[in-house]
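Below is one structure, written out as structure tokens; the observations come after it.
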Amino acid sequence: MNNKRKNRREEKDDGLIEKTIDINRVAKVVKGGRRFNFTALVVVGDGNGRVGIGYGKAAEVPEAIRKAGERARRAMVDVPVLEGTVPHFVNGRFGASKVVLRPASPGTGVIAGAKVGAILDAAGYSNVLTKVVGSNNANNVVKAVMDALSRLESPEMYAARLGRNADEFLDGYTVGSRVWGTSGTEPSDTANAK
């Protein structure tokens with residue numbers, strides 16, 4: 001039951017998907033004993049290429065989640081989604097956490113743990129392979145995923161950086177060929193055509 005509560009998908013009245021990734025209780029030792037506060041880590045996305053994370057602290061859990069949600073809405077960024085997956089292989093790093101994101105063929109689904117999966121779902125990815133290497137601390141993993149997403153380039157962004165036309169790169173592009181090296185045309189045919 002606890003997992004279901006942590007990974008619930010809520011659509012607020014503004015049409016954004018809000019998910020609580022982690023809730024932590026922290027204790028401050030004072031003269032009369034311990035004083036408890038709560039921290040919440042929340043991801044907010046529109047399911048269509050915009051996502052943000054927020055961290056909130058308060059004396060009560062609902063207030064911490066509300067604060068984190070507000071911060072996540074303010075920190076939303078655009079990420080490229082290509083046919084429901086990431087455009088290319090990418091690594092993200094924060095602290096001792098490293099996150100690997102790989103494009104996947106249609107029908108694969110999001111192969112990820114709860115923390116990474118929540119972010120990718122909120123961003124609108126439906127087929128991605130992921131792996132977390134190193135520390136699995138929730139805060140570091142979430143920031144490593146956001147680092148990886150910030151490093152992604154859409155074909156249009158890549159073409160603009162090179163000063164070329166995006167159609168040159170997308171001609172014959174399929175996610176299957178990028179991931180598994182297979183497509184409708186054999187690699188030898190395309191090599192001979194050039």
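The values are calculated or read from the model by the stated rules, or taken from the named source; none is laboratory data. This is a predicted model, so every value here is computed, not measured. For neighbour counting, all protein chains shown are included, and Cβ atoms are generated from backbone atoms with ideal geometry for every residue, glycine included. For accessibility, only protein heavy atoms count, side chains too; no ligands or nucleic acids. Shrake-Rupley method; radii C 1.70, N 1.55, O 1.52, S 1.80 Å.
The numbered conditions (1) over 21 Å from Asn136 (Cβ atoms); (2) more than 21 Å from the chain's Cα centre (by Cα) are all true for Arg25 except (1). Only a single criterion out of (1) open to solvent by less than 50 Å² (accessible area, probe 1.4 Å); (2) over 15 Å from Ile17 (Cβ atoms); (3) not in a helix (DSSP H, G or I) is not satisfied by Asn91, namely (1). Does any residue of the range 96-115 turn out to be within 20 Å of Lys19 (Cα to Cα) and part of a helix (DSSP H, G or I)? Among the residues of the range 96-115, at least one is within 20 Å of Lys19 (Cα to Cα) and part of a helix (DSSP H, G or I), which makes the answer yes. Within the range 68-80, the set of residues being surrounded by fewer than 19 Cβ atoms within 10 Å (Cβ to Cβ) and touching a Ser or Thr at 6+ places or on another chain (Cβ under 9 Å) comprises Val77, Pro80. It is to be established whether one or more residues within the range 15-28 are open to solvent by 80 Å² or more (accessible area, probe 1.4 Å) and not in a strand (DSSP E or B). No - not one qualifying residue is present in the range 15-28.
In this entry, Arg102 passes the filter for residues that are open to solvent by 60 Å² or more (accessible area, probe 1.4 Å), more than 26 Å from Ala40 (Cα to Cα) and charged (D, E, K, R).
The residue that is most open to solvent (accessible area, probe 1.4 Å), among those in the range 36-67 that are without any contact (Cβ under 8 Å) to a residue 24 or more places away in the chain and of a type in the set (A, V, I, L, M), is Ala59. Note on the range 101-116: residues that are within 18 Å of Ser150 (Cα to Cα) and in contact (Cβ under 8 Å) with a residue 40 or more places away in the chain amount to 4.
From the list Lys143, Lys131, the one residue that fits, being open to solvent by 60 Å² or more (accessible area, probe 1.4 Å), in a helix (DSSP H, G or I), modelled with pLDDT of 90 or more and in contact with a strand residue (DSSP E or B) (Cβ under 7 Å, 6 or more places away or on another chain), is Lys143.
Condition test on Arg164, is it in a loop (DSSP other than H, G, I, E, B), charged (D, E, K, R) and open to solvent by 60 Å² or more (accessible area, probe 1.4 Å)?
Working: in a loop (DSSP other than H, G, I, E, B): yes; charged (D, E, K, R): yes; open to solvent by 60 Å² or more (accessible area, probe 1.4 Å): yes.
In short, yes.
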